[in-house]
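Novice: Have a look at this one before I ask anything.
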Amino acid sequence: LTDRFLMELDPGDGQVLWQQEHTIIDNESFAPPVLMGHDTLLIMHRHEMAAHQLTWNGEVAEMKELWRNPPYPQTYSIPIHHEGYLYYFHGQILTCLDARSGERIWRSRPPGGRALILTDGHLVTVARNGDLVAVTATPEGYREAARLPVFDEESFTPVSVAQGYVYLRNLKQMARVKITDQATLTVTETPAPRGVIAELVARLQKAADTASRSAVVDDFMKQRRFPIVEDVSITQGNSLVHFVYRGDIDDIAVVLGRNRDVPMTRVEGTDFHYHTEELDSAGHWEYHFSHYDESRVDPLNPLLIGTEPRVRNELRMPEWPAPDFLHQPTGARGRLESFSFTSESRGAERTIEVYLPADYDAGESRYPLLLVTEGDRALEVAKMDVSLDNLIGTAAAPAIVAFVPVEGSEAFGDHRDAFVRMVTEELVPHLDATYRTET
């Protein structure tokens, strides 16, 4: 399997006997194909996978695509085929597909992991918390058969099984675990509720029926700001933060920062979910909710960062010293204008945004030129035009600022040299000729 073709080679001299294009997007097929039955192959990329049936015309194989399943992102886990079903990690969500149709059968946030193996009818992995976990390989749903705490951190490597032992490692440790005929099933206890959530749970336990519990939750939700921040904490300098989600849903997690997602706890008999953290009282966070692998913003918090498809919520802790340059300016403001730019080095047309300081139109002065790569995100997420309005005249001199979007791997990958030529040999001369820059 190559990035574009499935091919057969003569093992004696390497001659290509036949090849068929498999059309996986992005030309990065990272893993060996998975054989499903005697004539069907699964070809995968970290963003999608597709099943192909092979038919033989003499000595040459022809490929027919049976199904294609795009939702396969952010993992290098190789799917396991077992008795007509595929098991794999979609991100860190354990997922079961029907190998014949590509239809999803079930998915589960536990145990969370990076890689699977199949042994004796069980899927074995290292969970995100470092536990060694065995799950029964069945289309009937997630059934945890055994769990044993081993590490304190996750692993990115498939375990190995040999002569009655499981061998596992993460980035810091290695371990050997003996397989016995008595399953060890360690149950992870849900942390006890704290602060105002503990008070709510106590009230709910006294409610007689569903309607009464719903009324208690309705009352709790009134006139509050979410997430709920309490000045109560065990650790000095921290506050209790309660993330809250309400909805009749089988899975919801809060993702704090980039990759740390934590399942939320559902209060039995209600549609109320919560998760409590101790966070620095002077901190500043971005977060969102996740339903399996689907990102959702917190509908109870109006503070948002970014634009589609990556919108996140903002959590400003009570003692966070918000920088003055992030506030909406009250004085003179510059302006943004844009133009379309097509590069001979890179070809594709892109929109360049240019910030002109407040006094640009009032005279003939020339200004330093600043170029910002990933300029679209600098404007959308960081609101850099607002920062410039606040800083120019106080902490910064007036300048012309060009915001240059970066496409694909231009900044760090194969197209970096062409991107640099585009900026230095094409874009800067165009800006110098169009605006009053200091040359």
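Novice: Determine, from the Cβ-Cβ distance of ARG4 and ALA411 and an R0 of 22 Å, the FRET efficiency 1/(1 + (r/R0)^6), rounded to the nearest 0.05.
Specialist: 0.30
Novice: A follow-up question, please. Just need the relative contact order of the stretch 247-342 here, percent rounded to a whole number, with Cα pairs under 8 Å and 6+ apart.
Specialist: 23 percent
Novice: Oh, and also: About the Cα centre, and with charges only on the beta carbon of Lys, Arg (+1) and Asp, Glu (-1), how big is the dipole of the chain? Nearest 20 debye, please.
Specialist: Roughly 1300 debye for the chain.
Novice: Using amide H atoms built in the peptide plane, which far-off residues or other-chain residues are under 5 Å from ASN238 H to H?
Specialist: Long-range HN contacts for ASN238: SER281.
Novice: How many percent of the accessible area of the stretch 365-439 is carbon or sulfur, using a 1.4 Å probe?
Specialist: Result for the stretch 365-439: 53 percent of the exposed heavy-atom area is carbon or sulfur.
Novice: From the square roots a ≥ b ≥ c of the eigenvalues of the alpha-carbon gyration tensor of the stretch 384-439, which class results: rounded (a/c under 1.5), prolate (a/b over b/c), or oblate?
Specialist: oblate
Novice: List the residues, sorted by chain then number, that are 5 or more residues from LEU116 or on another chain and whose placed amide H is less than 5 Å from its amide H.
Specialist: Counting only residues 5 or more places away or on other chains, the set is ILE78.
Novice: Quick one: ranking ARG147, ARG104 by accessible area, 1.4 Å probe, largest first, what do you get?
Specialist: Order by accessible area, largest first: ARG104, ARG147.
Novice: Describe numerically, in nm with one decimal, the distance between label points set 7 Å from Cα along Cα→Cβ at GLU230 and at SER295.
Specialist: 3.1 nm
Novice: Using alpha carbons only, what's the Rg to Rh ratio of the chain with Rh from Kirkwood?
Specialist: 1.04
Novice: What net charge is computed for the residues neighbouring ARG333, neighbours being all others with C-beta under 14 Å from the C-beta of ARG333, Lys and Arg scored +1, Asp and Glu -1?
Specialist: Net local charge, ARG333 excluded: -3.
Novice: Read phi for every residue in the stretch 204-218 and hand back ³J(HN,Hα) as whole Hz from Karplus 6.51 cos²θ - 1.76 cosθ + 1.60, θ = phi - 60°, with x for Gly and Pro.
Specialist: Each residue of the stretch 204-218 in turn: 5, 5, 8, 6, 7, 8, 4, 4, 5, 5, 4, 5, 5, 5, 4 Hz.
Novice: Let me ask something else. Which ³J(HN,Hα) values, rounded to whole Hz and listed in residue order, are derived for the stretch 54-66 from phi using the Karplus coefficients 6.51, -1.76 and 1.60 in 6.51 cos²θ - 1.76 cosθ + 1.60 with θ = phi - 60°, glycine and proline given as x?
Specialist: Couplings: 9, 10, 10, 10, x, 9, 10, 8, 10, 10, 10, 6, 8 Hz.
Novice: How big is the gap, in Å, between the Cα center of the stretch 317-364 and the Cα center of the stretch 243-312?
Specialist: Between the Cα centres of the stretch 317-364 and the stretch 243-312 lies a distance of 31 Å.
Novice: Counting other Cβ atoms within 10 Å, keep those with at most 11, restrict to DSSP loop, and tell me which trypsin sites (Lys or Arg not before Pro) in the stretch 187-264 are left.
Specialist: Hits after loop and neighbour filter: LYS222, ARG225, ARG258.
Novice: Comparing GLY112, GLY363, GLY269, which has the greatest mean-square fluctuation in the GNM of the chain with Cα pairs linked when under 10 Å apart?
Specialist: Ranking GLY112, GLY363, GLY269 by mean-square fluctuation puts GLY363 first.
Novice: Next question. Would you mind calculating the gained length between GLU65 and MET174 on full extension (0.36 nm times residue separation, minus the Cα-Cα distance), in nm to one decimal?
Specialist: 35.1 nm
Novice: Further question: Magnitude of the Cβ-charge dipole of the stretch 293-429, K/R +1 and D/E -1, about the Cα centre, nearest 20 debye?
Specialist: So the dipole magnitude of the stretch 293-429 works out to roughly 260 debye.
Novice: I would also like to ask the following. Each residue of the stretch 240-257 in turn: what ³J(HN,Hα) in whole Hz from Karplus with 6.51, -1.76, 1.60 and θ = phi - 60°, glycine and Pro shown as x?
Specialist: Those phi angles translate into 6, 10, 10, 8, 10, 9, 10, x, 7, 9, 8, 7, 7, 9, 9, 9, 9, x Hz.
Novice: With a Förster radius of 22 Å, plug the Cβ-Cβ distance of LEU304 and MET221 into 1/(1 + (r/R0)^6) and report the FRET value to the nearest 0.05.
Specialist: With R0 = 22 Å, the Cβ-Cβ based efficiency is 0.65.
Novice: Does the stretch 294-339 classify as rounded, prolate or oblate by the C-alpha gyration tensor (a ≥ b ≥ c root eigenvalues; a/c under 1.5 gives rounded; else a/b over b/c gives prolate, otherwise oblate)?
Specialist: oblate
Novice: Between ALA322 and TYR167, what is the FRET efficiency for a Förster distance of 45 Å, r being their Cβ-Cβ separation, to the nearest 0.05?
Specialist: 0.35
Novice: Calculate, in nm to one decimal, what ILE105 and GLU425 gain on full extension: separation in residues at 0.36 nm each, minus their alpha carbon distance.
Specialist: Net length gain for the segment: 109.8 nm.
Novice: Starting from 0.36 nm per residue, how many nanometres of slack lie between LEU336 and ALA433 once their C-alpha separation is accounted for?
Specialist: 33.1 nm
Novice: I would also like to ask the following. Leaving out same-chain residues fewer than 8 places away, which lysines sit with a Cα under 18 Å from that of LYS178?
Specialist: Cross-link targets: none qualify.
Novice: Please compute the contact order of the chain in relative form: average sequence separation of alpha-carbon pairs under 8 Å and at least six residues apart, divided by the residue count, as a percent.
Specialist: Here the relative contact order equals 6 percent.
Novice: A follow-up question, please. What's log10 of I(q)/I(0) for the stretch 140-254 at q = 0.12, 0.15 Å⁻¹, Debye sum over Cα points only, no solvent?
Specialist: -0.76, -0.93
Novice: Non-local amide H neighbours of LEU94 (under 5 Å, H modeled in plane, Pro and chain starts lacking H): which ones?
Specialist: Residues meeting the amide H criterion: SER108, GLY112.
Novice: If you average over every viewing direction, what projected area does the convex hull of the Cα atoms of the stretch 218-370 give, in nm²?
Specialist: 14.9 nm²
Novice: Express the accessible area of the stretch 115-265 per residue in Å², computed with a 1.4 Å probe while the remaining protein chains stay in the model.
Specialist: Accessible area per residue, the stretch 115-265: 59 Å².
Novice: Specify the inter-centroid distance of the stretch 370-439 and the stretch 51-121, based on alpha-carbon positions, in whole Å.
Specialist: Taking the Cα centre of the stretch 51-121 as reference, the centre of the stretch 370-439 is 43 Å away.
The values are calculated or read from the model by the stated rules, or taken from the named source; none is laboratory data. Note that the coordinates shown come from a computational prediction; the quantities given were computed from them, not determined experimentally. Glycine gets a Cβ as well: all are built from the backbone with ideal geometry, and neighbour counts include every protein chain shown. SASA here: full protein model, heavy atoms, side chains in, ligands and nucleic acids out. Shrake-Rupley method; radii C 1.70, N 1.55, O 1.52, S 1.80 Å.
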